[in-house]
Amino acid sequence: MEDTIERIHADVKDMYEAYPYPAYPLWVKLRWQEAYQGTAGFTACLAKSPALEHSRYPRILLAGCGETQPYIIRKIEPSKNNIDAVDISSKSIRRARTRLIWETKPVHFFNADIDTFLLHHCEEYDHVDCYGVLHHLANPTKSLELIHQSLKPGGTVRLMVYNLVARSWIYHVKRALLLLGFDPGLQPHVKAAQEFLKSVSFWVPNLGSKFHDMGTKTFSHPARFVDTFFHAREARIDIRDWFSAVQGCGFRVLGLFDRYAELDDLPNPLWQAPKTSDLQSRMDDKRFENNLEIYLQKETNVSLLKSPKTPKGLAFHLFLKTAPLSWFQFEETKDIPFTLKQKLWWHHIRCVYLQQSESIDLLLAELDTPARQRLARVGAVFPRQVKRQEYLRQMKEPIWAEMETPQRGLRTSIEDTPLPAVIRSILVKNKKRLDNEHLIIKRLDRAQTC
């Protein structure tokens, strides 16, 4: 077992040393206010008496930080918040340090796998951000337990894990690429795999639409392509097992961030965590294809309500920034006037960073019901900011009675396309067995019908 864990750690490390993710150019200006939902204060606003409210100098852990998250989170967290950033890739750590070269507020970096770090690090954290990492670890349940142990009573977590059902087609494409003999450790192989999938996209429309939804950068950017189709480790865990592990560790689920508005027929999932069965049914018929972005709190018998709240730090530079663009990309919110957008943003900042309960009912009165509902679902507004019961009720309710089930396109008979000839030529070039052809076609066929 230990040998298997060490091998997985080594494989993942080698992959991220070769392809640090997401590998944005170091000079690119990141619009970090779009990461508002990743702050410790955001999660605290969803929780009851979170540890953050009672810490003079909160400690935050970025578990699997990659190369951009330290910069983004450091920019959006108050300077008094201490940030530890852990990543298995030394190259990602170096790039992350470079992005922070002009930053006066420190981030403490640790080049280690998360399990080893948590086992040997004696700090207790107010908040842990583990975004898109847990499913890449050797034993996700054990890692989740270690995260739970590292938290203070009332501590919070933002966790993102993959939607197993939505990624089933990616799994089959990955198996097809490996059967073709592509080696992600070789740059020419990665480029050839990208070209092959472009051919697949043309001849198999169902897969073409899936590739299109990913965006062109996945196919033009080696790091993103490898992370998607050649990852060294991806635990295939369904939603029931994830929620069972979360609750088994002693976490309470605070809410789920519905990034792409796929759950509009459910009560506001950010304010009221959906039932596992409701999510599973929507995954099964493709109504919900986003990853699981969930907020957790460590359950505890310690009464934090009696401990004094501490003064909070405020990231003053945020007031000079415009509100997150993602709040206003929806039909319900796109026509909100600029001045009202900024007022909502400023109140959001005060709520998140000062943990204030100042009413914004007068601002909400300028909006119609759908706009209020959408703003609540994207986390622009929290329950503590709303005093009028009518508004609270509306913002908790579903927006739609039901969501449309996506229709699948017609299945393509891959044998009747030029792809078999392309597959045979690649097998010959990569010196792989020609009888892999039918297995590859079978995998691609499964991918198009997922």
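Just so it is clear, none of the values below were taken in a lab; they were calculated from the coordinates. On a predicted model such as this, the values are computed, not experimentally measured, just so you know. Don't worry about glycine lacking a Cβ; one is built from the backbone with ideal geometry, like all the others, and counts go over all protein chains shown.
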*Cut-off under 5 Å, modelled amide H: who pairs with Gln356 long-range*: Cys351
*Could you list Arg74, Arg56 in order of exposure, starting from the residue whose Cβ has the fewest other Cβ atoms within 10 Å?*
Arg56, Arg74
*Each residue of segment 356-370 in order: what ³J(HN,Hα) in whole Hz does its phi give by Karplus 6.51 cos²θ - 1.76 cosθ + 1.60, θ = phi - 60°, with x for Gly and Pro?*
7, 10, 5, 5, 10, 4, 5, 5, 5, 5, 7, 10, 7, 4, x
*Expressed as a fraction of 2.2 N^0.38 Å, the rule-of-thumb size for a compact globular protein of N residues, what is the C-alpha radius of gyration of the chain?*
1.02
*How big is segment 20-90 on each of its three principal axes, counting only the C-alpha atoms and giving the largest first in Å?*
39, 25, 20
*asked:* Spelling out what I want: for every residue of segment 180-187, take phi, set θ = phi - 60°, compute 6.51 cos²θ - 1.76 cosθ + 1.60 (Karplus), and round to whole Hz; glycine and proline get x.
replied: 6, x, 6, 10, x, x, 10, 4
_Whichever aspartates and glutamates have a C-alpha closer than 18 Å to that of Lys105, once near sequence neighbours (fewer than 8 apart) are set aside_ = Glu67, Glu77, Asp84
*Considering amide H positions built from the backbone, and no H for Pro or chain starts, which residues 5 or more places from Phe109, or on another chain, come under 5 Å of its amide H?*
Ala85
*What is the magnitude of the charge dipole of the chain about its Cα centre, with +1 placed on the Cβ of each Lys and Arg, -1 on the Cβ of each Asp and Glu, and no other charges, expressed in debye to the nearest 20?*
880
*Under 20 Å Cα to Cα from Lys13, which lysines show up? Leave out anything in the same chain fewer than 8 places away.*
Lys91, Lys142, Lys174
*lysines with Cα under 27 Å of Lys341, excluding same-chain neighbours fewer than 8 positions away*: Lys29, Lys75, Lys312, Lys321, Lys387, Lys396
_For the chain, set up a GNM with springs between Cα atoms under 10 Å and report which of Arg287, Arg393, Arg158 has the largest fluctuation._
Arg393
*asked:* Per-residue counts of other Cβ atoms within 10 Å, averaged by peptide: what ranking do you get for 114-121, 334-341, highest first?
replied: 114-121, 334-341
*Answer with one residue from Val133, Ile76, Ser89: the one whose Cα lies farthest towards the positive end of the charge dipole of the chain, charges on Cβ with Lys, Arg +1 and Asp, Glu -1.*
Ile76
*Can you give the angle from 0 to 90° between the axis of helix 239-249 and the longest principal axis of the chain, with both taken from C-alpha atoms, to the nearest 10?*
50
*Specify whether the C-alpha gyration tensor of segment 314-396 places it in the rounded, prolate or oblate class, a ≥ b ≥ c being the square roots of the eigenvalues: rounded for a/c under 1.5, otherwise prolate if a/b is larger than b/c and oblate if not.*
oblate
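Does segment 312-354 come out rounded, prolate or oblate, given a ≥ b ≥ c as the square roots of the eigenvalues of its C-alpha gyration tensor, rounded meaning a/c under 1.5 and, failing that, prolate meaning a/b above b/c?
Prolate.
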*Return the long-range amide H neighbours of Tyr21 (sequence gap of 5 or more, or a different chain), with a cut-off of under 5 Å between placed amide H atoms.*
Glu67
*From the backbone phi of segment 57-74, what are the Karplus-calculated ³J(HN,Hα) couplings (6.51 cos²θ - 1.76 cosθ + 1.60, θ = phi - 60°) in whole Hz, Gly and Pro given as x?*
10, x, 10, 10, 10, 9, 8, x, 7, x, 9, 10, 4, x, 5, 5, 5, 5
*Taking the chain as a Gaussian network, where each spring joins two C-alpha atoms under 10 Å apart, which residue of Lys286, Lys298, Lys431 fluctuates the most?*
Lys431
*What is the distance in Å between the Cα centres of segment 150-206 and segment 1-67?*
20
